[in-house]
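In what follows, a structure is listed as structure tokens, so that the remarks can point back to it.
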Amino acid sequence: MQTTTSFNPGNAPDLLSGILSVEVRNEDKITEQDRLFCQNQQDMLYKTLDRIDRWYAIFKEEAEQYRAERNFSYDDNGKISMRDFYSLRNGKDDYSHNEFKPFDVLNDLVDKNHNANSNFANRIIAYFNRTYNVSVPEQRIDEKTLRMGFRPVYGTYVDAVIEHLGGKSFRETAVEELLARVAKVVKPSCWSKVKTELKKDKIVFPEIIRFDDFYLQYNKCQINYNYSGELETLCAGIAYGADDVLCGSSDMIIRFDRNNVSVNDWYDLTTTNAEQIRFYKNGRIDVKFKDSATAESCFKRLRLDEITLPEN
């Protein structure tokens, strides 16, 4: 007997709530290419963990013959714990102290098990950070509680990525994080009396970088190692503000060498709407756009108009 369900318009809200209540797996929120990468990483990890487990079982069997003599125990992670770990003779007048003991190897295999699991977690997270320009924190694996034989699944780390997005898309999150990084880089210091300014077709960024004092005495401008990140963030911001792309870096500065920066000339940019960039000895950076309207659009997109000087 066939049954039918009639549609009652008055029940539409209940039907809609039922549809919305269906849980969408986090794995379904990533692309097929993402899943292929994650699955490939998981397959390679399992292959290595199988080998580690095989050797661990062999050396554990060898270690068991010393249990009565050495009175050892196993920690939760599989490492051997004993009071006189490095005692070789143990009161015996024979040659057993020259024998191979499997204890160090067992503990080394436990460390390798932990390292492999950590590498897997960080590779998954790094893939999404690299692919979508987001900043999902690394996932820490507790080495004291990670058991031998444990097999992680990539979905755990996909869940961490989706949770980091907080309901936003990858792009929305990437833009939000980029704007936060740019704001931190351009924020005037507590002693500064100038802020980022829009001047017709240019944006002037004061005190963004510093050059290494050692090389300055030889009239060579090399960006201080501690300020390389600031330049990368600024370039990423300019690429987004000017061209609405999230792949900006110092690579977009044509013929640029951070170890020998010209402070006398303009560098051409590969971006379409931001055309040139210039560096100054005092750390100031100017960016020139194709026209005033484009410069203003970038200025507002990066929320540079919201910058204020610190109160004295």
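Within the range 207-216, can you find the residues that are open to solvent by less than 60 Å² (accessible area, probe 1.4 Å) and modelled with pLDDT under 90?
Leu216
I'm checking my understanding of the structure. Among residues of the range 92-139 that are among the basic types (Lys, Arg) and over 22 Å from Tyr46 (Cβ atoms), which one is modelled with the highest pLDDT?
The selected residue is Arg130.
Of everything in the range 217-268 that's open to solvent by 20 Å² or more (accessible area, probe 1.4 Å) and aliphatic (A, V, I, L, M), which residue is farthest from Ala180 (Cα to Cα)?
Checking each candidate, the answer is Val263.
Within the group Val204, Val182, Val194, Val175, which residue is β-branched (Val, Ile, Thr), at pLDDT 95 or above and outside any helix (DSSP H, G or I)?
One residue alone meets the criteria, Val204.
Contact list please: Cβ distance under 9 Å, first residue in the range 36-48 and on the phi < 0 side of the Ramachandran plot and outside the structural domain of Lys112 (by the TED database), second residue assigned to a helix (DSSP H, G or I) and open to solvent by 50 Å² or more (accessible area, probe 1.4 Å), pairs at least six apart or on different chains.
Sorted first by the residue in the range 36-48, then by its partner, the list stays empty.
Let's see how each residue does on (1) open to solvent by 100 Å² or more (accessible area, probe 1.4 Å); (2) at pLDDT below 90; (3) of a type in the set (Ser, Thr, Tyr):
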residue	(1), (2), (3)
Gln2	yes, yes, no
Phe7	yes, yes, no
Asn11	no, yes, no
Ile30	no, no, no
Gln39	no, no, no
Asp43	no, no, no
Arg51	yes, no, no
Glu61	yes, no, no
Ser73	no, yes, yes
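May I ask you to list pairs of residues, at least six apart or on different chains, whose Cβ atoms are under 6 Å apart, with the first in the range 269-296 being under 15 Å from Thr233 (Cα atoms) and the second being surrounded by fewer than 18 Cβ atoms within 10 Å (Cβ to Cβ) and β-branched (Val, Ile, Thr)?
So the pair list comes out as Asp286/Val204.
Table: residues versus (1) open to solvent by 70 Å² or more (accessible area, probe 1.4 Å); (2) outside the structural domain of Glu232 (by the TED database); (3) under 22 Å from Arg303 (Cβ atoms).
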| position | (1), (2), (3) |
| --- | --- |
| Arg123 | yes, yes, no |
| Ala126 | no, yes, no |
| Asn129 | no, yes, no |
| Ile141 | no, yes, no |
| Gly149 | no, yes, no |
| Ala160 | no, yes, no |
| Ala174 | no, yes, yes |
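The values are calculated or read from the model by the stated rules, or taken from the named source; none is laboratory data. Because the structure is a prediction, the values reported are computed rather than measured. Note that each Cβ is placed from the backbone with ideal geometry, even for glycine, and that neighbours are counted across all protein chains shown. Note: accessible area is taken over every heavy atom of the protein model, side chains too, but ligands, DNA and RNA are not part of it. Shrake-Rupley method; radii C 1.70, N 1.55, O 1.52, S 1.80 Å.
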